[in-house]
Amino acid sequence: MSFLVGLAAAVLGNVVIGTGQCLQKYALNKLQRDWERTGTSTARTEAVAYSSNVYSSSIDMRQRGSSVSQPSRTVESKRGPLPRYTSKTWVLGLLLNYAGEVCGNAVALSYLSASVVAPVGIVSVLVNVLLAERLLGERITSNQKFGFT
């Protein structure tokens, strides 16, 4: 019985984690779209925009270094998108990630060994793929479905 409780906690925790990650990506996309639509944002933002996709994790540092401009002192200067923490959706996604880890994986580890809980982490990847297709409108290729990039 304890095996099933641990397994259920691990699966549920990873579903929550995958959902949180997808919500964070949704919020970042929305912040980027809002910034691109208006061209500028409020004074609370960072003063440097690094590229056309500020939140991309695949930006080459050499490219980033060559495109960084010094912040201007004028009010009319272009600003980057709002910081991540200003989006309630992003914060909700972050809290879901923490909740999935604490309430799901930590509970599961009290019932099961790590060798059983760790492979269940693939559930968060599967949930993320499904939600990315439906919620974010991302196109998942056949190579990506089989684990190739």
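State all residues of region 123-149 that are free of Cβ contacts under 8 Å to residues at least 12 places away in the same chain and more than 21 Å from LYS30 (Cβ to Cβ); if no residue qualifies, say none. Hits for region 123-149 are THR141, SER142, ASN143, PHE146, GLY147, PHE148, THR149. All of SER142, SER124 fail the test of being open to solvent by 40 Å² or more (accessible area, probe 1.4 Å) and either in contact with a helix residue (DSSP H, G or I) (Cβ under 7 Å, 6 or more places away or on another chain) or at negative phi (or both), apart from SER142. Pick from ALA132, ALA99, ALA108, ALA118: which is among the small types (Gly, Ala, Ser), modelled with pLDDT of 90 or more and open to solvent by 50 Å² or more (accessible area, probe 1.4 Å)? Exactly one residue qualifies, and that residue is ALA118. Assess whether ALA99 counts as being among the aliphatic types (A, V, I, L, M), free of Cβ contacts under 8 Å to residues at least 12 places away in the same chain, in a helix (DSSP H, G or I) and farther than 11 Å from CYS22 by Cβ. No: the conditions fail for ALA99. Would you be able to say whether some residue in region 17-25 is of a type in the set (Val, Ile, Thr), at pLDDT 50 or above, out of contact with any strand residue (DSSP E or B) (no Cβ under 8 Å at 6 or more places or on another chain) and closer than 17 Å to VAL125 by Cα? Yes, that holds for at least one residue.
The values are calculated or read from the model by the stated rules, or taken from the named source; none is laboratory data. Keep in mind that this is a model prediction, so the values were computed, not measured. Positions of Cβ are generated from backbone atoms using ideal geometry, with glycine treated the same way; all protein chains shown enter the neighbour counts. All accessible areas refer to the heavy atoms of the entire protein, side chains included, with ligands and DNA or RNA removed. Shrake-Rupley method; radii C 1.70, N 1.55, O 1.52, S 1.80 Å.
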